[in-house]
Amino acid sequence: MDQANSKVVIIDTGCANLSSVRFAVERLGYTVTVSRESDVLRNADKLFLPGVGTAQEAMKNLADRDLIELVKSLTQPVLGICLGMQLLAEFSAEGNVATLGLISGSIDSMPNEGVRLPHMGWNQIIPQQDHPLFKDIPSGSYFYFVHSYALAVGSDTIATCTHGSPFTAAVHRDNFYGVQFHPERSSKAGAQLIKNFLEM
């Protein structure tokens, strides 16, 4: 994607710390717009759906901003980050709320199997071989996580991570992608992943 002419948009969900994602994309030489305007979102080349906080709060923000149907109707590549990835699933046990239903599965609290929750800090991922989102990212690379709810490994999983038991670290279905970790806080590997998404 031509950096100078590309339209990269971060969806303004109203609950996320958007600046760290924006800076990570700008460091790669792209201009970034933060918006919730439907025409801006529809005309974007690539979109990011970041999220922090609770699924219930995030879905309420999306509803208040008339973004639910709009996000579902997007046809360009969209990358959900952390809670943004969880919102792509069908349901979240965090607040028992229906989410966007763009990938299969529901978000459940992580089992407390002798591990500390929330799952916070650096952990290794095992990506699906040859998936373009993980180009030039070796299996076993470390990414930065902060979460206590997770998606079980399923048909849309393209990377896994283990904290007590395995869970989905990244998903892909159609034009929707999601990562449970924070690529914008994940050093070189995270920058490579954002670059891969923008260049796909």
Based solely on its DSSP helices, what 222 nm [θ] is calculated for the chain when runs of n ≥ 4 H residues each add -39,500 (n - 2.57) and the sum is averaged over all residues, nearest 500 deg cm²/dmol? -6500 deg cm²/dmol
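Find the accessible area per residue for the chain; the probe is 1.4 Å, ligands and nucleic acids are left out, and the unit is Å².
Numbers: 8880 Å² over 200 residues.
Value returned for the chain: 44 Å² of accessible area per residue.
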Order D156, D12, most accessible first, counting only protein heavy atoms with a 1.4 angstrom probe. D12, D156
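Just to confirm a number: summing +1 for Lys and Arg and -1 for Asp and Glu over residues other than K188 whose beta-carbon lies under 14 angstrom from that of K188, what do you get? Don't skip to the end; give the middle numbers.
On the way: positive: R27, K135, R185, K195; negative: D136, E184.
That works out to +2.
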Taking a crude spin-label model, label points 7 Å out from Cα along the C-beta direction, the E26 to D45 distance in nm is 1.9 nm
Neighbourhood net charge (11 Å Cβ-Cβ; Lys/Arg +1, Asp/Glu -1) for G29: 0
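Could you tally up the Lys pairs in the stretch 38-195 with alpha carbons closer than 16 Å? Skip any pair fewer than 8 positions apart unless they're on separate chains.
Numbers: K46/K72; K46/K195; K60/K72; K135/K188; K135/K195.
Pairs that pass both the separation and distance tests number 5.
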Can you tell me, using C-alpha contacts under 8 Å and at least 6 residues apart, the relative contact order of the stretch 13-107 as a whole percent? 26 percent
Added length on full extension, which subtracts the Cα-Cα distance from 0.36 nm per residue, S139 to S38: 32.6 nm
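Quantify, in whole percent, the carbon and sulfur part of the accessible surface of the chain (1.4 Å probe; protein heavy atoms only).
Numbers: 4150 of 8880 Å².
Ligands and nucleic acids excluded, carbon and sulfur reach 47 percent.
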So what is the relative contact order for the chain, in percent, with contacts set as C-alpha pairs under 8 Å and at least six apart? 19 percent
Given Cβ charges of +1 for Lys and Arg and -1 for Asp and Glu, the option among Q124, L102, S187 whose Cα lies farthest towards the positive end of the dipole of the stretch 72-200 is S187
For the stretch 97-200, I need the span (max minus min coordinate) of the C-alpha atoms along each principal axis, in Å, sorted largest to smallest. 37, 28, 21
Can you tell me which of A159, A98, A58 moves the most in a GNM of the chain? Springs connect C-alpha atoms under 10 Å apart. A98
Charge context of Y142, other residues only, Cβ under 13 angstrom, K/R +1, D/E -1: +2
Please give the length that would be gained between S19 and S165 if that part of the chain were fully extended, namely 0.36 nm times their separation in residues minus their C-alpha to C-alpha distance (nm, one decimal). 49.4 nm
Please compute the Kirkwood hydrodynamic radius over the chain, one decimal place, Å, based on all pairs of different Cα atoms. 16.6 Å
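The values are calculated or read from the model by the stated rules, or taken from the named source; none is laboratory data. Computed from a prediction, not measured in an experiment: that's the story for all the values here. Neighbour counts run over all protein chains shown; Cβ positions are idealised from the backbone, glycine included. Keep in mind that these areas ignore ligands, DNA and RNA; they rest on the heavy atoms of the full protein, side chains included. Shrake-Rupley method; radii C 1.70, N 1.55, O 1.52, S 1.80 Å.
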